[in-house]
Amino acid sequence: MKLIETFLEDYGISCNSYKKLEGYGSLNYKIEGSDGQIYLLKIYQATEDKELILEEIELIDFFSKKVNCKFTKTIRNKNGNLLGLGPDSQFCRLLNYLEGNCLTSDDLNETLLVSLGSTIGMLHKQAPRKSFPNIAARELSWDLKQINSIAGYIDFIRDPHLRSIVLYYLDAFQNKVIPHMHNYQSALIHNDLNEQNLIVQDQELVGIIDYGDAVRSPLIFDLGIALCYLLMLNQDFEFIISKVLNGYANKNKFEDIELDALYYVVGARLSMSLCHSAKAKAKQMDTDYITGSESSASSLIEHWLSVNPVRIQQIAYKAFGKAIPKYPGKKIEDKRKSLFPTNLSTSYKEAIHFHSAAFQYMYDQEGNTYLDAYNNIPIVGHSHPKISRIVSEQIRNLQTNTRYHYEVLSRYAGKLLSLCPSHFSKVLFVNSGSAATDLALRIVKTHTTKKKIVILEQGYHGNTELGIQISDYKISQQKDSSFSEHIIRIPLAYNDNRSSAKALELLESQHDQIACIIVEPISGCGGQVPLDSKYFQAIDAFAKRYKVLLIVDEVQTGFGRTGENFWAHEHSNITADIMILGKAMGNGHPIGAVLMTDGLAKSFDNGMEFFSSFGGNPVSCFVGEAVIDIIREENLQEKAHSTGEYFINQLKLIAKDFLQISDVRGRGLFLGIEFKEDHKLAKYIKEFLKSNYILSSTDGKLNEVIKIKPSLKFNKKNVDRFCQVLRQGLQEYNAH
Ligand code: PMP
């Protein structure tokens, strides 16, 4: 109180009462003066930049003359100065206090949003492009054009999932916005149009306060920042954005390239806010003012991922009366038809044209967002920022092959092997699951003179000549399906002890001719059928008894997908001789591997060099390593377990209500829903899910199984949505 009185003396008033307000950079007090007026007193430390504050005052003065809106006015003291001096070189500024309240979610009606948009439009039209050298030159960590300045704060975010989203938006901003920034209109912007700085009276916007964060930066950033805070109050983005932009468009214009940035500006500002909150918390500066928006920012940033950037572009173009770019879908389809054999097929009756994707969401060219419950390759999520970053960093650095030394090759191999059962001690890298299968069979050939290969019904192991030969799934799709004579096919024997016993008899009868057995721990193409553990163990025991090599194909099931174990075959306590990997291993980057025992590695070294131009190249090794690190850091195996358990239980509840579901099965996030009696239903459901923007697929002998194998970022909310649409689809099917 004494300090306040000291400062107020110079203004010829004393303080009747005061209230401390939150704020950055200065001590702020709401004062009731002896003259009955309400004031805002800001007390600054000596270290604060006076020139900058004087420019801020000048800027507010400038706007108050040009824009029809109230601004806080700085009052001169008895000496005519805008800044009053106090003890210890502290200084102050006294402002009039605007009547009204801060904006709340209750105020977000159409009229207010349009008028807010129009006010921002006016501010931007008038905003000084030049002069104000101190503001223009300042470096502020809240300025989006200085986005790099918060890079070091990301690690303060404790939740690894949230951290990955923040990193995604910072990376997207860095790559999709910053390179175009020189083409955006820049001027002095408010830079913090949050609800606390927007004053409302009788549901009308009456004033804008606090130019303390003003910078010279692109106008589109300022608009994006305002939208970001409005969306934290109300996530109905179609409504909020279209109304604000309608208002803005009455007063000022943007080029297409600026509107294209809007989606990413919102994402980046949310990320910036979350970074600042996390840092403030870590440094125990946990004031409500700094961390206040943290929970709404985390909720919005997660929601924002489900919003297609194309949709935001469409809303923005429409508001500004611009033609929405027409995507040449038909032309692209025709071109594809003319260039490829027709069995390069697409999914669905009407195939989807994609624009981009993030984590468990895929964005089409029309502005729709698909929840991806199907694509298992991006195991850590589509466009995971750590993967994007490592690829682009390393491709700039070194792209060579295993004929030379580079550290990451062995580092990655060591890391991968350390996650495998300990009898796997050697590895070779290739570029696909198919190449891994092929190589595995070559390794077998060097180790044994026996010729026969045992395969499982409905198995799939790859698209090379050898891969197809051992893939019943593919061979039996042909009209005149015939296997070469060295192939022995045994049944999947799901819940069927008689056929598993028969299969084992068949193996016994030819044991002296069998070189290897190749199995998938859970058959994907078979319709997500887990290999019965007893059957699997009997196969394993047979293999050990007769020195038959056991190959496990973990291309679909590896890397923690099945939750309980990192490798699905560990569930049945199997000791395989060879393991083949692919798909998720590079999260979309083409990489595969064959893991083997020492003995097999020795046999394979038969005088012929093994060389793969791309297998084990440094870029791929960095990517493979990053995938493992992310799975660990983000606890994705545990997530696969808990989300998978929740998912299967929800599906079982649905199965109780819809008797057409004959089975729900799988482990972790590798699940199947079987419709045995009416296999047309699976196809119907797949299309129904798609028309509700959820991706799945069908498989199994009759295509009677819906396959679910999403990124491990898939969460319980996503599960609920899937289940709700599935129920609806079943109800609609039954109603017809
Ligand atoms: N094995 C299994 C179990 C697979 O599912 C696949 C691919 N679907 C492959 C091998 C072949 O992998 P790629 O397509 O990478 O060649």
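Residues in segment 1-129 average 51 Å² of solvent-accessible surface per residue, probe 1.4 Å, ligands and nucleic acids excluded. For the modelled label position 7 Å from the Cα of N234 along Cα-to-Cβ, which residues of segment 303-326 have backbone nitrogen atoms closer than 11 Å? It comes to no residues whatsoever. Summing Cβ point charges (Lys, Arg +1; Asp, Glu -1) relative to the Cα centre of segment 1-157 gives a dipole of roughly 460 debye. Normalised by the number of residues in segment 658-700, the mean separation of alpha-carbon contacts (under 8 Å, six or more apart) gives a relative contact order of 25 percent. Solvent-accessible surface of segment 368-439, averaged per residue with a 1.4 angstrom probe and all protein chains in place: 45 square angstrom. Summarising the overall dimensions of segment 623-686 from its C-alpha atoms, the Rg and Dmax are 15.5, 45 angstrom. Taking all protein chains together and rolling a 1.4 Å probe, S89 ends up with roughly 80 Å² accessible. Computed in the context of the full set of protein chains, the accessible area of the chain at 1.4 Å probe radius has 48% of its extent on carbon or sulfur. At q = 0.05, 0.06, 0.08 Å⁻¹, work out log10 I(q)/I(0) for the chain with the Debye formula, treating every Cα as an identical point scatterer and leaving solvent out; two decimals please. Result of the Debye calculation: -0.34, -0.48, -0.75.
For the cross-link pairs K450/K583; K30/K145; K452/K479; K176/K717, the ones whose C-alpha atoms lie over 27 Å apart are K450/K583; K30/K145; K176/K717. Mean residue ellipticity at 222 nm, helices only, the chain: -13000 deg cm²/dmol; runs of at least 4 DSSP H residues each add -39,500 (n - 2.57), and the sum is divided by the number of residues. Structural size metrics of segment 415-524, computed from C-alpha coordinates, are Rg and Dmax of 14.9, 45 Å. Entry comment: accessible area of segment 562-665 is 38 Å² per residue, from protein heavy atoms only and a probe of 1.4 Å.
Evaluated at q = 0.13 Å⁻¹, the base-10 log of the normalised Debye intensity for segment 563-700, with identical point scatterers placed on the Cα atoms, takes the values -0.82.
For the set K639/K683; K125/K251; K253/K318, the pairs lying more than 19 angstrom apart at their alpha carbons are K639/K683. Out of all Cα-Cα pairs in segment 107-230, roughly what percent, to the nearest whole number, are more than 20 Å apart? Everything past 20 Å amounts to 50 percent. If you model segment 303-365 as an ellipsoid using its alpha carbon gyration tensor, with each semi-axis the square root of five times an eigenvalue, the axes come out at 27, 17, 7 Å, biggest first. Classify segment 337-457 from the C-alpha gyration tensor, please: rounded if a/c falls under 1.5, else prolate or oblate depending on whether a/b exceeds b/c. Oblate is the answer for segment 337-457, as a/c is 1.5 or above yet b/c matches or exceeds a/b. A Stokes-Einstein calculation at 4 °C with viscosity 1.567 mPa s, built on the Kirkwood radius of segment 637-736 over Cα pairs, returns a diffusion coefficient of 97 µm²/s. The largest-to-smallest principal axis extents of the Cα set in segment 81-154 are 48, 36, 31 Å.
Between Q510, S271, Q45, the Cα set farthest toward the positive side of the dipole of the chain (charges on each charged residue's Cβ, about the Cα centre) is that of Q510.
In a reduced charge model with +1 at each Lys and Arg Cβ and -1 at each Asp and Glu Cβ, the chain shows a dipole moment near 1580 debye about its Cα centre. Rounded to the nearest 10 square angstrom, I13 shows an accessible area of 20 square angstrom against a 1.4 Å probe.
Here's the list of aspartates and glutamates a cross-link from K42 could span, going by alpha-carbon distance under 17 Å and ignoring same-chain residues fewer than 8 apart: E5, E9, D10, E22, E32, E51, E55, E56, E58, D88, D210, D213.
For K602, the accessible surface of its heavy atoms amounts to roughly 150 Å² (probe 1.4 Å, protein chains only, rounded to the nearest 10).
When the charge dipole of segment 393-457 is built from unit charges on Cβ atoms (+1 for Lys and Arg, -1 for Asp and Glu) and taken about the Cα centre, the candidate among L398, L409, V444 whose Cα reaches farthest toward its positive end is V444.
Here segment 116-247 is treated with +1 on each Lys and Arg Cβ and -1 on each Asp and Glu Cβ, and its dipole about the Cα centre works out to around 580 debye.
The values are calculated or read from the model by the stated rules, or taken from the named source; none is laboratory data. Computed from a prediction, not measured in an experiment: that's the story for all the values here. Cβ: placed from backbone, ideal geometry, glycine included. Neighbour counts: every protein chain shown. Accessible surface is based on the protein model in full, side chains and every heavy atom, while ligands, DNA and RNA are left aside. Shrake-Rupley method; radii C 1.70, N 1.55, O 1.52, S 1.80 Å.
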